Amino acid sequence: MDVIGQLFEAAKAAQARAYAPYSRFSVGAAVMTPEGAVFAGCNVENAAYPVGTCAEAGAIAAMIAGGGERIAAMLVIGDGPELVTPCGACRQRIREFAAPDAPIHVADATGLRRTFSLDELLPFSFGPDNLGRQ
Ligand code: THU
């Protein structure tokens, strides 16, 4: 299976496990490392609403816990007529681990809808290099 196919299947499976009883808006996300490992996450809401976490944050946490270090590509899946792009906070989370040209794929149940580069989603960003880390 190609990269997008692998990310799509992993993100879709995670979306099906989302815990979203308040918004009823289930999101899945998957990252692929440069080595080809795939890690997925889903949104996990909370009765104390601001404590809920996004699918992208879950996928990144799974990657770090699993020993991955960099995001080569990412896919986010969500339903509805609008593109489900990462929220602002998650764009910054992705920025920590991905290059400006890393593809961020946006999908729904029918498949891939659009691909952005990280730099398109978060231009002129602040990142590890600002603090002397490359
Ligand atoms: N959500 C994500 O998990 N990722 C996104 O890219 C957009 C929004 C979640 C947060 C919340 O649980 C629900 O979707 C509605 O905002």
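The values are calculated or read from the model by the stated rules, or taken from the named source; none is laboratory data. As the structure is a prediction and not an experimental result, all values here were calculated from the model. Note that we place each Cβ from the backbone using ideal geometry, even for glycine, and neighbour counts take in every protein chain shown. Heavy atoms of the whole protein, side chains included, go into the accessibility calculation; ligands, DNA and RNA do not. Shrake-Rupley method; radii C 1.70, N 1.55, O 1.52, S 1.80 Å.
Restricting the stretch 1-73 to GluC sites (Glu not before Pro) that sit in a DSSP loop and have at most 13 other Cβ atoms within 10 Å of their own Cβ leaves GLU35, GLU69.
Both numbers refer to the Cα atoms of the stretch 86-134; Rg and Dmax are 12.0, 42 Å. Look at the dipole of the stretch 3-131 built from charges on Cβ: of VAL31, ALA72, ALA107, the Cα furthest out on the positive end belongs to ALA107.
Across the chain, Cα-Cα pairs farther apart than 27 Å form 14% of the total. Take the Cα of ALA48, step 7 Å toward its Cβ, do the same at GLU69, and the gap between the two points is 3.5 nm.
Considering only protein heavy atoms and a probe of 1.4 Å, how much of the accessible area of the stretch 1-84 is carbon and sulfur, as a whole percent? All intermediate terms of the calculation are to be shown ahead of the outcome.
On the way: 2460 of 4250 Å².
Heavy-atom surface of the stretch 1-84 belonging to carbon and sulfur, 1.4 Å probe: 58 percent.
Here's how it looks for GLY52: its modeled amide H is under 5 Å from those of ASN46, which are all 5 or more places away or on a different chain.
Amide H contacts of ALA98 (H built 1.01 Å from N, in plane; Pro and chain starts excluded): ILE71 sit under 5 Å, all sequence-distant by 5 or more or on other chains.
For the stretch 11-22, just list the computed ³J(HN,Hα) in residue order, Karplus coefficients 6.51, -1.76 and 1.60, θ = phi - 60°, integers in Hz, with x standing in for Gly and Pro. Karplus-based 3J(HN,Hα) across the stretch 11-22 equals 5, 5, 5, 5, 4, 5, 9, 4, 10, 9, x, 8 Hz. Taking amide H as placed 1.01 Å from N in the peptide plane, SER117 has its amide H under 5 Å from the amide H of ILE104, each at least 5 places away in sequence or on another chain. For the chain, the per residue solvent-accessible surface stands at 54 Å², with DNA, RNA and ligands left out and a 1.4 Å probe. Dividing the helix sum by the residues of the chain, where each DSSP H run of 4 or more adds -39500 (n - 2.57), gives a mean residue ellipticity at 222 nm of -7500 deg cm²/dmol.
Here the dipole of the chain is about 240 debye; that uses its Cα centre as origin and unit charges on the Cβ of Lys and Arg (positive) and Asp and Glu (negative).
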